Amino acid sequence: MAKKKRWGKKWEDKRDWKKYNKHLIQRGVFYIDPRFLDTWEKEIYLMNQGKIGQPYTYPQSMIEFLAVLYSKGFDYRSLQGIMSGLSNRLGPFPIISFSQIRRRIIKLPFSFIRRAEKMIVAADGTGVKVSNRGEWMRQKWKVKRGWIKVVILGNIDGDIIDIRVGNESLDERVSSRGMLRKKKKNIKKILLDGLHDCNDTFKLCDEFDIETGIKIRENANPKGLGKRPREVRLYQKLGYKKWSKEKKYGFRWVASEGIFSAVKRMFGENVRSHKRRNMYREAKLKFWSYQQLRAIE
């Protein structure tokens, strides 16, 4: 097969590797830093104010610390062992049991960044496997357990703004529009692939005065009024290369596919839970953990 000529400028690596190496080292510090010990008593005091029933013993920051390690592949019993080792060395403090770790991680509230300024964002979906089985098992023995679908809304700085998780039938366009409605005050422009080339998405963006960079289908009809026909005419007038440059469509990779690549590389592409609702939470936990690491930059 003849090699196709690449359009545009040759890719140039502009990453500051000295800075990036320091960041990778800082990640290692983040994984084992028992920062929750500094705020334990204050957190417990605030958490138990007005609480009815048995008071909390373990702070939320400790559960978040363990949740990130769980995303890295540690099982619940190993996490109890880690807490036991820390207590022996840095304590003593009460050691949480593995069953309590599991319950607290399952109930852990997830929140992603909320920025007031107008952002350029992108939405996209990916699949997460429900087991570590390879495609050979699925094809040879017809073992089909389905998969989990994750749809994220990210910005061009590489941060996750919002997320939706469901089974393989989760509608990516509906999920994206839902996140768009929720974050509309913070969004200036949205970049989407050709799947989102539909009237509903364009109408929603027009309603909220959000700029669009949605790739148009080749056979799109340019006739008519409204935002989509205008965008179709612009796309057909400029052609893909000029349109992509004008809309800064290339930034979509940083805000969506780049995040998927990083999360799967760092935390794996399959879940270990067996119950469906726990699978969804575990998949969401991977993306939340990634965002926690982003926060230390």
Condition broken by Ser261, with the remaining ones in (1) free of Cβ contacts under 8 Å to residues at least 24 places away in the same chain; (2) touching a Phe, Trp or Tyr at 6+ places or on another chain (Cβ under 6 Å) satisfied: (2)
Out of all the residues in the range 122-157, which are assigned to a loop (DSSP other than H, G, I, E, B) and at pLDDT 85 or above? Val130, Ile156, Asp157
Given the condition within 16 Å of the chain's Cα centre (by Cα) and either at pLDDT 95 or above or in the same structural domain as Arg277 (by TED's automatic domain parsing) (or both), answer yes or no: does some residue in the range 194-207 qualify? no
Being among the acidic types (Asp, Glu), surrounded by 10 or more Cβ atoms within 10 Å (Cβ to Cβ), farther than 20 Å from Gln100 by Cβ and at pLDDT 90 or above is the requirement here; does Asp33 meet it? no
May I ask you to list the residues in the range 42-90 that are closer than 28 Å to Phe267 by Cα and β-branched (Val, Ile, Thr)? Ile63, Val68, Ile82
Residue by residue through the range 242-283, note down the ones that are surrounded by fewer than 19 Cβ atoms within 10 Å (Cβ to Cβ) and closer than 13 Å to Ile152 by Cα. Trp253, Val254, Glu257, Gly258, Ser261
Being assigned to a loop (DSSP other than H, G, I, E, B) and in contact (Cβ under 8 Å) with a residue 60 or more places away in the chain is the filter here, so list the residues in the range 185-235 that pass it. Asp193
Tally the residues that are within 16 Å of Ile96 (Cβ to Cβ) and not in a loop (DSSP other than H, G, I, E, B), restricting the search to the range 44-59. 2
For the range 69-93, give me each residue that is over 16 Å from Arg104 (Cβ atoms), in contact (Cβ under 8 Å) with a residue 40 or more places away in the chain and surrounded by 14 or more Cβ atoms within 10 Å (Cβ to Cβ). Leu86
Only one residue in Glu64, Glu43 is in contact (Cβ under 8 Å) with a residue 60 or more places away in the chain, surrounded by 15 or more Cβ atoms within 10 Å (Cβ to Cβ), touching a helix residue (DSSP H, G or I) at 6+ places or on another chain (Cβ under 8 Å) and not assigned by TED's automatic domain parsing to the domain that holds Arg276, so which one is that? Glu64
Checking Met119, Met83, Met62 in turn, the sole residue that is modelled with pLDDT of 90 or more and under 20 Å from Leu153 (Cβ atoms) turns out to be Met119
Of the residues that make up the range 237-248, is at least one assigned to a helix (DSSP H, G or I), hydroxyl-bearing (Ser, Thr, Tyr) and more than 17 Å from the chain's Cα centre (by Cα)? yes
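The values are calculated or read from the model by the stated rules, or taken from the named source; none is laboratory data. This structure is a prediction, so every number in the text was calculated from the model and none was measured. With ideal geometry, Cβ positions are generated from the backbone for all residues, glycine too; neighbour counts draw on all protein chains shown.
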